[in-house]
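A quick write-up on the structure given underneath.
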Amino acid sequence: MKIDKLTLSFKNKIVLRDINLEIKPGEFVFFIGYSWSGKTTLIRSLIWDFKPERGDIVLDNGWFLYRNLTEKLLLDYRKDIGVIFQDYKLMESKTVHENVAFAMEVCGYKDKQIQKKVPQALEQVGLLIKKDTSVQELSGWEKQRVSIARALVHDPSIIIWDEPTGNLDPVTAGEIMEIFEDLNKSGKTVIIATHDKNIVNHMKRRVITFSEKQIISDKQEAEYNLEK
Ligand SMILES: Nc1ncnc2c1ncn2[C@@H]1O[C@H](COP(=O)(O)OP(=O)(O)OP(=O)(O)O)[C@@H](O)[C@H]1O
Ligand SMILES: [Mg+2]
């Protein structure tokens, strides 16, 4: 996908200014930048939660996100981008399986597909053994994995993780990167917005740095380049 001169404001306050960016299928990309630099806003623009006042997002099939996408195509497009947000909402009293299944039920999948897909997605995040555990009994990290599984059930080609602020312990961080590396190896585009210097330095992938509403650097095989 190609983001072309994208500018977005909330109530006359510019939040993203003239963003130009191309992400190719199968890439592994980090978005870094201080709080409020616009990472989440850009991610939400990618799924048309926000409509920019200027600029385009051109999809790999040549369609323009805000211009010529029909309602039917928009639904398919949204299924093709799995976003895990910072404030992921899970139903605490329901089980792991029920939470992931719900994401499919609301999209009208048949029961048979749900019974097949949910265990597959839970397996991908290493949570199949906890499928009948209720979410309120899980650790924060396990809840994150439920939300990743929920994004995977539509088999998206792009997966975006908007990491919650707050540091993961090194073991957990390693485990989560393994999940995303596996997804990337299977051909999916991975985008991770993070404040975690260790993760970025360990992975050495493409790093896109946001500051003051703009992209200030974009480097391949890069390290974390912000002072903490
Ligand atoms: N729905 C909204 N209405 C008004 N302003 C918003 C809205 N969402 C975000 N903003 C503003 O957009 C700016 C960018 O916020 P954004 O959440 O994109 O930053 P971020 O880089 O994701 O930060 P963090 O690293 O803390 O997650 C902030 O100034 C924020 O106040
Ligand atoms: Mg954010």
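The values are calculated or read from the model by the stated rules, or taken from the named source; none is laboratory data. What you see is a predicted model; the values in this text were computed from it and never measured. Note: ideal-geometry Cβ built from the backbone for every residue, glycine included; neighbour counts use all protein chains shown.
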**OP:** Can you work out which of the residues in the range 27-44 that are within 6 Å of ligand 1 (Cβ to nearest atom) and part of a helix (DSSP H, G or I) is farthest from TRP161 (Cα to Cα)?
**Re:** THR41
Original post:
Which numbered condition trips up ARG17, out of (1) within 16 Å of ligand 2 (Cβ to nearest atom); (2) touching a strand residue (DSSP E or B) at 6+ places or on another chain (Cβ under 9 Å)?
Top reply: (1)
Original post:
Is it the case that some residue within the range 158-181 is touching a Gly at 6+ places or on another chain (Cβ under 6 Å) and surrounded by fewer than 21 Cβ atoms within 10 Å (Cβ to Cβ)?
Top reply: no
**OP:** Quick one: PHE10 ticks every box in (1) of a type in the set (A, V, I, L, M, F, W, C); (2) within 13 Å of ligand 2 (Cβ to nearest atom); (3) loosely packed, with under 15 Cβ neighbours inside 10 Å except a single one, so which number is it?
**Re:** (2)
**OP:** Go through ILE179, ILE215, ILE148 for me and flag whichever is within 16 Å of ligand 2 (Cβ to nearest atom), β-branched (Val, Ile, Thr) and modelled with pLDDT of 90 or more.
**Re:** ILE215
Subject >> Restricting the range 22-69 to residues that are of a type in the set (S, T, N, Q) and either surrounded by 14 or more Cβ atoms within 10 Å (Cβ to Cβ) or within 16 Å of ligand 2 (Cβ to nearest atom) (or both), the residue that is nearest to TYR88 (Cα to Cα) >> reply: THR40
Subject >> Residues that are more than 19 Å from VAL171 (Cα to Cα) and either part of a helix (DSSP H, G or I) or touching a residue at least 60 places away in the same chain (Cβ under 8 Å) (or both), drawn from the range 124-141 >> reply: LEU128, ILE129, LYS130, VAL135, GLN136, GLU137
Original post:
Among the residues of the range 9-35, how many are within 17 Å of the chain's Cα centre (by Cα) and of a type outside the set (Gly, Ala, Ser)?
Top reply: 11
Original post:
Does any residue of the range 95-118 turn out to be touching a strand residue (DSSP E or B) at 6+ places or on another chain (Cβ under 7 Å) and on the phi < 0 side of the Ramachandran plot?
Top reply: yes
Original post:
Are any residues in the range 45-56 more than 16 Å from ligand 1 (Cβ to nearest atom) and in a loop (DSSP other than H, G, I, E, B), and if so, which ones?
Top reply: none
Original post:
Is it true that SER217 is hydroxyl-bearing (Ser, Thr, Tyr), within 16 Å of ligand 1 (Cβ to nearest atom) and touching a residue at least 40 places away in the same chain (Cβ under 8 Å)?
Top reply: no
